[in-house]
Each structure stands twice: as C-alpha cells, then as structure tokens.
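What follows is one structure encoded as structure tokens, with my remarks underneath.
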Amino acid sequence: MINIHRYEVVENEHLYGPGKRLLLFTQGCSLHCKGCTNKHLWTFGIGKDITITEILNQLDDLEGITLHGGEPLDQAEALGNLIKKIKEQEKSVILFTGYTYKELDSIQRQAWLSSDIVISGRYEEQNRNIYLQFRGSTNQKVFTHKGKYKDYKIKDGQTVAILSFNEQGEMQSRGFRTDELEQLLNEISKDNK
C-alpha cells in the first residue's frame, strides 16, 4: 500500500514530464522545505491507502507515472515495488524527491536508480526560479538514467501555472506561480474569509 493525497491524469511536459502521465501525489514528508507549496502533504497517514494494482490499472494508455509529494521516498519500500511493476509494463517513471543521492538508504537508492528521470534536491525559497523545467529552485538537479529518456533535454525558460476548481468549488493551483499570481491568490483568499 502507498498512502497518497490524490492522483490524476495530466499532460504537461514542463511540469510533470513527457506524454500523458498518471500524476501521483504521495502523502507525508519529513523534509519540510521552507516555502513549500505542498504543506498540506506533509502529515503522514491522513491520505488514502491505495494498492499497487489500483495504480497499475490506471496506466493502460499512458506514457508512465510521475511520482510527486509530499516526499515519495519516505515510502520507499512500497514505492520501489510500484516502480518495479511499472517498468515491467514498459512504462516510464519520473520521480520528484527532496533528497539528494548521498542521503538515501539502499531501498531509496533502488527506487531512484530505477526511475527514468529524477528531480532531486530540497526546494530553497531563496533560490526560487519559476523559469526552470520541473524545478522550483536553482539548486535542484535533474538526472536522466539509461533508457527511454537518457537523451532528454531540459527546456528551461518558461513558466506554467494551472488554476482549477475541485468539486467543492475550491480553487487549486499547480505549477510555478509568478509574484503577480501569488498576490492575486492571496487577495482571493482574504476575500473568502
């Protein structure tokens, strides 16, 4: 079982990787980066438990999966099993993690090495840059491993922010928010209180 916040099908290469992908947000993070936009994903165990089979059943017509968080590698054992099964289906895996390779234990390293693309490093608010593909701050690194994306070229220089509304009418945002968008969201939040 993997404890998740939610999952959805996305198609946005700049944010989540090439092709149509299953974007899975894990629940729980032990890193707590200052300025994190996913603080609601920090608390462990409050998400939904989902089986590997349930996740695999969502991948039929998709390029692969993008693992986001929270911190996916805080659930490394289950995640490793999931990645192994996804690779058996010849699908791709993109992993977002705040950890660097040196910090990983052997189980976490196996998940890292089995992923096609890894975005690594803690978000650093003082190094924020909204014009980087996949990354929110300049210290974060992108690693491509052998396989499908070994020659993948990072496409920096644009910014993407997506605003949507859930079934309860609550606005959600994903991506890299400009200062102007951040100000607008703060004003909307104040007006709704």
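The values are calculated or read from the model by the stated rules, or taken from the named source; none is laboratory data. These numbers come from a predicted model, not from an experiment. Cβ placement follows ideal geometry from the backbone for every residue including glycine, while neighbour counts extend to all protein chains displayed. Accessible surface areas use protein heavy atoms only, side chains included; no ligands, DNA or RNA. Shrake-Rupley method; radii C 1.70, N 1.55, O 1.52, S 1.80 Å.
Here are a few things to note about the model shown:
- An ellipsoid equivalent to the range 82-153, defined through the eigenvalues of its Cα gyration tensor, has semi-axes of 23, 15, 9 Å when rounded to whole angstrom and sorted largest first.
- Residues in the range 116-158 reached by a label modelled at N12 [backbone nitrogen below 18 Å; 7 Å Cα→Cβ]: 119, 129-137, 155-158
- For the range 10-52, the residues whose amide N sits under 15 Å from a probe point set 7 Å from the Cα of N81 along the beta carbon direction are 49-52.
- Tensor-based shape of the range 50-96 (alpha-carbon gyration tensor, a/c under 1.5 rounded, otherwise prolate or oblate): prolate
- Calculated FRET efficiency for the pair Q183/L113, C-beta based, R₀ 35 Å, to 0.05: 0.25
- For the pair K34 and Q89, a Förster radius of 45 Å applied to the C-beta separation gives a FRET efficiency near 0.75, rounded to the nearest 0.05.
- Solvent-accessible area of the range 1-55 (1.4 angstrom probe, protein heavy atoms only): carbon and sulfur portion equals 52 percent.
- Computed accessible area, Y7, all protein chains, 1.4 angstrom probe, square angstrom: 80
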